[in-house]
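As structure tokens, the structure follows; a few thoughts come after it.
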Amino acid sequence: MSQADLEAARDRLVPDVVTSGLRVLFCGINPGLMTAATGHHFARPGNRFWPVLHLSGFTPRQLKPSEQQELLSYGLGITNVVARATARADELSAEEYREGGRLLEERVGELRPRWLAVVGVTAYRSAFGEPKAQIGPQERTIGGARVWALPNPSGLNAHWTAATMAEEYARLREAATDA
């Protein structure tokens with residue numbers, strides 16, 4: 001995919017992968033340019049979301065971004081805090097995060113998932129005014145759903161390996177299974 005194709009994708013909206021009553025609704029920060037260009041969440045080849053989802057036991061095999069609709073059969077879905085596509089999440093403003101959090105709360109209230117898993121603790125902190133939030137289950141609920149802040153699977157997040165991310169995602173999977 002050319003750079004021109006990626007730049008042209010900035011204005012495309014990426015549809016959510018959702019239905020009501022999900023076990024876990026994963027919430028990314030915002031679509032990257034590759035995601036916007038393809039219409040598939042976590043589409044950049046270096047993103048570890050799909051491998052980590054499998055390693056953690058959420059899916060029986062590693063799905064490709066183009067197979068994202070299969071998540072629904074496992075009671076899983078995907079949305080984003082902010083709909084606007086960017087090359088990097090640091091291009092988003094504080095206002096975009098706050099407004100995205102407000103809209104996400106409404107969306108979660110409509111969809112009624114058991115868990116909202118925000119993929120990126122910094123995004124969770126920014127969107128919901130929780131500056132001290134840490135990775136793991138949160139005290140608050142959003143739209144009636146329990147909340148878990150997960151590490152961001154972007155290849156830029158070098159603090160977490162796929163294996164250590166999978167351990168944290170598996171903790172959520174176990175909690176979501178017990179619920």
- The one condition in (1) under 13 Å from the mean Cα position of the chain (by Cα); (2) outside any loop (DSSP other than H, G, I, E, B); (3) not charged (D, E, K, R) that Met34 fails to fulfil: (1)
- What number of residues in the range 101-124 are open to solvent by 10 Å² or more (accessible area, probe 1.4 Å) and either in contact with a Phe, Trp or Tyr (Cβ under 7 Å, 6 or more places away or on another chain) or free of Cβ contacts under 8 Å to residues at least 24 places away in the same chain (or both)? 2
- Task: Return the residue satisfying two criteria in turn: it lies in the range 166-175 and is of a type in the set (D, E, K, R) and more than 20 Å from Ala89 (Cβ to Cβ), and of such residues it is surrounded by the most Cβ atoms within 10 Å (Cβ to Cβ).
- Result: Arg173
- Item | Failed item, numbered, when His41 is tested on (1) surrounded by fewer than 23 Cβ atoms within 10 Å (Cβ to Cβ); (2) out of contact with any Leu (no Cβ under 8 Å at 6 or more places or on another chain); (3) at pLDDT 95 or above | (1)
- Can you find even one residue in the range 81-100 that is in contact with a Ser or Thr (Cβ under 9 Å, 6 or more places away or on another chain), touching a residue at least 40 places away in the same chain (Cβ under 8 Å), assigned to a helix (DSSP H, G or I) and within 17 Å of Pro153 (Cα to Cα)? yes
- Item | Only listed residue being within 22 Å of Arg12 (Cβ to Cβ) and open to solvent by less than 70 Å² (accessible area, probe 1.4 Å), chosen from Ala163, Ala145, Ala149, Ala85 | Ala85
- Among residues of the range 53-91, those that are at pLDDT below 95 and hydrophobic (A, V, I, L, M, F, W, C), counted: 4
- Task: Tell me which residues, restricted to the range 144-175, are within 14 Å of Leu53 (Cα to Cα), assigned to a helix (DSSP H, G or I) and either touching a residue at least 40 places away in the same chain (Cβ under 8 Å) or acidic (Asp, Glu) (or both).
- Result: Ala162, Ala163, Met165, Ala166, Glu167, Glu168, Tyr169, Ala170, Leu172, Arg173, Glu174
- Restricting attention to the range 59-79, does a residue exist that is open to solvent by 20 Å² or more (accessible area, probe 1.4 Å), touching a Pro at 6+ places or on another chain (Cβ under 7 Å) and within 24 Å of Asp178 (Cα to Cα)? yes
- Please indicate, with yes or no, whether at least one residue in the range 155-178 is in contact with a Gly (Cβ under 6 Å, 6 or more places away or on another chain) and within 20 Å of Glu96 (Cα to Cα). no
- Task: Would you check which residues across the range 125-143 are out of contact with any Phe, Trp or Tyr (no Cβ under 7 Å at 6 or more places or on another chain) and closer than 24 Å to Pro51 by Cα and list them?
- Result: Gln134, Ile135
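The values are calculated or read from the model by the stated rules, or taken from the named source; none is laboratory data. Model, not experiment: these values are computed from the prediction. Don't worry about glycine lacking a Cβ; one is built from the backbone with ideal geometry, like all the others, and counts go over all protein chains shown. Calculation scope for accessible area: heavy atoms of the full protein, side chains included, ligands and nucleic acids excluded. Shrake-Rupley method; radii C 1.70, N 1.55, O 1.52, S 1.80 Å.
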